[in-house]
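Heads up, the thing below is written out as structure tokens.
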Amino acid sequence: VSRPLRDLPIRRKLAAILMLATGGALVLATAALVVIELVRSRHEMQRDLASLAEVVAQNTTAALTFDDRATAAETLKALSARQALVAAALYDARGALFARFLRGRSGRIPAGLAGVAPGLVGGTLVVVRPIELEGRRIGTVYLQNDLAILYGRVRFQAFTVAGVLLTSAVAALLLTSRLQELIARPIVELAATAREVSSREDYTLRAHKQSEDETGQLVDAFNRMLAHIEERDLALQAAKEELEARVAERTCELEQELAERRRAERRLAEANAELSTSNQELDDFAYIASHDLKEPLRGIHNYASFLIEDYADRLDDDGRAKLHTLTRLSRRMEELIDSLLHFSRVGRTELALEEIDLGEVVTAVAESLAVQLRERGAEVRIPLPLPTVRCDRVRVGEIFSNLISNAVKYNAGDHPLVEVGALASDPAAGDDTGHGARGECSGPVLYVRDNGIGIPDKHREAVFRIFKRLHGRDQFGGGAGAGLTIVKKIVERHHGRIWLESRLGAGTTFFFTLAKGA
Amino acid sequence: VALLSRPLVRTGVLAVVLVSALPDPPAAAAGQGGFAEHEVKAAFLYNFTKFVQWPADAFATPASPIVLCIVGDDPFGPFLDRLVRGETVSGRRLVVDRVRPAAELAGCHLLFVAASERARFAALLAPLRGGSVLTVGDDAGFLSAGGLFRFVLDGGKVRFEVNLPELGRSRLQVSSKLLQLARPGQDDRSGSGRQGR
């Protein structure tokens, strides 16, 4: 079926199909009838002509036998009543022409039997029959029929048949054009309903069922489908409403939660601000306190020194010893205050961040500690080049200075060995420092490793506490006990962290990072 | 006659047809296609037997031959004998018998009465009338004397006349096809034998 026919409305399609079918049947039937009629009438003519030849043969035996050409010619002439016959001839036993009858233009009589060809010859039908008498062939009959009349008759019949068939086809079309409504109307109405349903989105509509055939089933199925859709539509609507209600409810809850959280955040921010303020105040206080404390302390120390210088001879040994203790304690007090000042300064001053080659920093620190290192016979090793990190040069120098001098200080061996290096990245979670997971990329991990006395596990946190000393005042070179506290403060100001690994008697490794992601 | 070779005759092709087909007729011939008149007449006699049906009692047995009798001066000579030798008509052989006028003629099936017997026609034919002998002659008064067939010449061609009333009275059945070729001769009492067709 061609594309134009496929897109036609169903009424037209049915009409076209009916017309094609009846037209095709018409043409085929006419053609078949014509062919059959042609073959049949030609066959009939052949038979008819053959029997005529038989009659002629029977009636001309005497004429041939007694050489009576005139009678033979008369016998042939009697055949003129037959319209289709255009030529008739008799040939004698030798095949020579004996008698002839010729009419019209289409007839042809060969001069001798040798030129005779039976069958269809140029629009004519030729029949040839031997004439026998007493078992001997005494001659031949030659009859020629013009087929024009036959063809004319067949043509007439063909037109008649075509006319009849055409008339009946037209009648059939008229009839079927009413009958096709039976098929077309339900479908057309179904289509209209479907269109209406989709354009109005009204699923309460129903198609009207007109018959119990396939179309009726289609209508039923369509209606069932509509019912289903309507049901689902309602269910969907209900679900949607319920959902909306739940969303509204949840939104309300969320808003309440959000408000709650905002309040909490606000409280947290306030607390933070308060904390920050109090921290700042604490730093300020520490600075001011220690700064202001230094003045009278200096006086106490000076006056104690004056007493020793000027009144030493007037005092007994006990008095002098007490004065020496006084000056020693005041010096000690000064050291503590200095450390406190230093510590508070670390918390107060801004960091001067820049790209720093840590290798240079460590080398400079090692140089500044050269005397101390030489005294203890210690060695600082940097096995691999250290990275460049964004940090405050002076503060980071302080970190390394503190850690290296600690490493040398707390070492009972003859050859303290300090190794400074960097790991590719923070070993993150899983370490036993208790710092927990950090997650973010935190840059290289720097470490300072020694072969010193080590730190017991229980003191891991305590070493970072200010003025906390694990050993006697004069053991391992003394000191204020603020070094690791300051180191931790600097690391934290760089947003890094610090931890340690240690085995008693084998050595300690301090790890730290600077600036997460720096 | 010399041209009419024996094999040609023996092939069974009808004499008349043969005659008409022969290319070079003898100059003196009076018959058809260059054949002598007596030769054509002999052929006609032979051919008559093919269109005539005799009653069954005319033959002694189913195998009995058809007897051609000639009475009077035989005009055919050996020609007729040669013509019919070996031929059969309706399954019967043909024999030629020359008889005397006084003889019993009822055994003949076909009787040719020569012109020499002109004076005795009536006497010869009287006992045969209403019987089953096909009588053929060529004289003018033959039919009026009660004969059945008579040869005539028409434009140089051999034709024949038939005495239909007498034939109706006989016990013979003659094919209408043969009669179609015949000229009616029952009123020919003048003896001229030259009526137009």
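The values are calculated or read from the model by the stated rules, or taken from the named source; none is laboratory data. As the structure is a prediction and not an experimental result, all values here were calculated from the model. Please note: Cβ atoms are built from the backbone with ideal geometry, for glycine as well, and neighbour counts cover all protein chains shown.
Here is a yes/no grid of residues against (1) away from chain B (no Cβ under 14 Å); (2) touching a Leu at 6+ places or on another chain (Cβ under 9 Å):
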| site | (1), (2) |
| --- | --- |
| A:ILE138 | no, yes |
| A:LEU143 | yes, yes |
| A:LEU147 | yes, yes |
| A:GLY152 | yes, no |
| A:THR160 | yes, no |
| A:ALA184 | yes, yes |
| A:ILE187 | yes, yes |
| A:ASP202 | yes, no |
| A:ARG206 | yes, yes |
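If the condition is being polar (S, T, N, Q) and closer than 17 Å to B:VAL96 by Cα, then the stretch B:45-79 contributes B:ASN47, B:THR49, B:SER64. For the stretch A:87-97, enumerate the residues that are assigned to a strand (DSSP E or B) and closer than 12 Å to A:GLY139 by Cβ. Selection gives A:ALA89, A:LEU90, A:TYR91, A:ASP92, A:ALA96, A:LEU97. Test A:VAL365 against the stated conditions and say whether it is modelled with pLDDT of 90 or more and of a type outside the set (D, E, K, R). Yes: the conditions hold for A:VAL365. From the list A:ARG390, A:ARG395, A:ARG348, the lone residue that is exposed (fewer than 14 other Cβ atoms within 10 Å of the Cβ) and either out of contact with any Cys (no Cβ under 9 Å at 6 or more places or on another chain) or not hydroxyl-bearing (Ser, Thr, Tyr) (or both) is A:ARG348. Criterion applied to A:ARG178, A:ARG155 was being on the phi < 0 side of the Ramachandran plot and either more than 60 Å from the chain's Cα centre (by Cα) or among the hydroxyl-bearing types (Ser, Thr, Tyr) (or both), and the one residue passing it is A:ARG155. Those strands (runs of 3 or more DSSP E) of the stretch B:108-184 in which at least 2 residues are within 12 Å of the chain's Cα centre (by Cα) and within 14 Å of chain A (Cβ to nearest Cβ), considering only elements entirely within it, cover B:149-154, B:157-162.
Out of A:LEU315, A:LEU307, A:LEU329, one residue alone is more than 25 Å from A:GLY397 (Cα to Cα) and in a loop (DSSP other than H, G, I, E, B). It is A:LEU315.
The set of residues in the stretch A:54-86 that are without any contact (Cβ under 8 Å) to a residue 12 or more places away in the chain and not in a helix (DSSP H, G or I) comprises A:PHE66, A:ASP67, A:ASP68. If you go through the stretch A:282-319 and keep only what is surrounded by 12 or more Cβ atoms within 10 Å (Cβ to Cβ) and over 29 Å from A:PHE467 (Cα atoms), you end up with A:LEU307, A:ILE308, A:TYR311, A:LEU315, A:GLY319. The set of residues from the stretch B:160-176 being more than 12 Å from B:SER132 (Cα to Cα) and surrounded by 20 or more Cβ atoms within 10 Å (Cβ to Cβ) comprises B:PHE160, B:GLU161, B:VAL162, B:ASN163. Once the stretch B:72-106 is narrowed to residues that are assigned to a strand (DSSP E or B) and within 21 Å of B:LYS50 (Cβ to Cβ), the residue that is nearest to the other protein chains (Cβ to nearest Cβ) is B:VAL89. For the stretch A:154-202, the candidate set comprises residues that are charged (D, E, K, R) and modelled with pLDDT of 85 or more; within that set, the residue that is nearest to A:VAL219 (Cα to Cα) is A:GLU189.
Have a look at A:ALA31, A:ALA88 and point out the one that is modelled with pLDDT of 90 or more and more than 25 Å from B:GLY156 (Cα to Cα). From the options A:ALA31, A:ALA88, the qualifying one is A:ALA88.
For (1) in a helix (DSSP H, G or I); (2) β-branched (Val, Ile, Thr), each residue gets a yes or a no:
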| residue | (1), (2) |
| --- | --- |
| A:VAL126 | no, yes |
| A:TYR142 | no, no |
| A:GLY152 | yes, no |
| A:GLY163 | yes, no |
| A:LEU173 | yes, no |
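Within the stretch A:66-84, the set of residues being more than 14 Å from chain B (Cβ to nearest Cβ) and either surrounded by 23 or more Cβ atoms within 10 Å (Cβ to Cβ) or under 29 Å from B:ASN47 (Cα atoms) (or both) comprises A:LEU79 only.
Within the stretch A:333-354, being small (Gly, Ala, Ser) and either farther than 16 Å from A:LYS489 by Cβ or outside any helix (DSSP H, G or I) (or both) holds for one residue alone: A:ALA352. Against the test of being at pLDDT 80 or above and either within 11 Å of chain A (Cβ to nearest Cβ) or at positive phi (or both), the options B:ALA58, B:ALA43 yield a single qualifying residue, B:ALA43. Residues in the stretch B:61-71 that are part of a strand (DSSP E or B) and in contact with a Phe, Trp or Tyr (Cβ under 9 Å, 6 or more places away or on another chain) were compared, and the one that is nearest to the other protein chains (Cβ to nearest Cβ) is B:ILE66. Scanning the stretch A:458-516 for residues that are modelled with pLDDT of 85 or more and of a type in the set (Asp, Glu) gives A:GLU492, A:GLU501. The residue that is modelled with the lowest pLDDT, counting only those in the stretch A:403-425 that are surrounded by fewer than 22 Cβ atoms within 10 Å (Cβ to Cβ) and under 60 Å from the mean Cα position of the chain (by Cα), is A:SER425. Taking (1) within 55 Å of the chain's Cα centre (by Cα); (2) surrounded by 11 or more Cβ atoms within 10 Å (Cβ to Cβ); (3) among the acidic types (Asp, Glu); (4) under 30 Å from A:LEU340 (Cβ atoms) in turn, A:ASP233 satisfies each apart from (4). A single entry from B:ARG92, B:ARG82, B:ARG118 fulfils the requirement of being surrounded by 15 or more Cβ atoms within 10 Å (Cβ to Cβ), of a type outside the set (Val, Ile, Thr) and at pLDDT below 90: B:ARG118. Within the option set A:ARG105, A:ARG40, A:ARG47, being away from every other protein chain (no Cβ under 14 Å), without any contact (Cβ under 8 Å) to a residue 24 or more places away in the chain, surrounded by fewer than 14 Cβ atoms within 10 Å (Cβ to Cβ) and not in a helix (DSSP H, G or I) holds for one residue only, A:ARG105.
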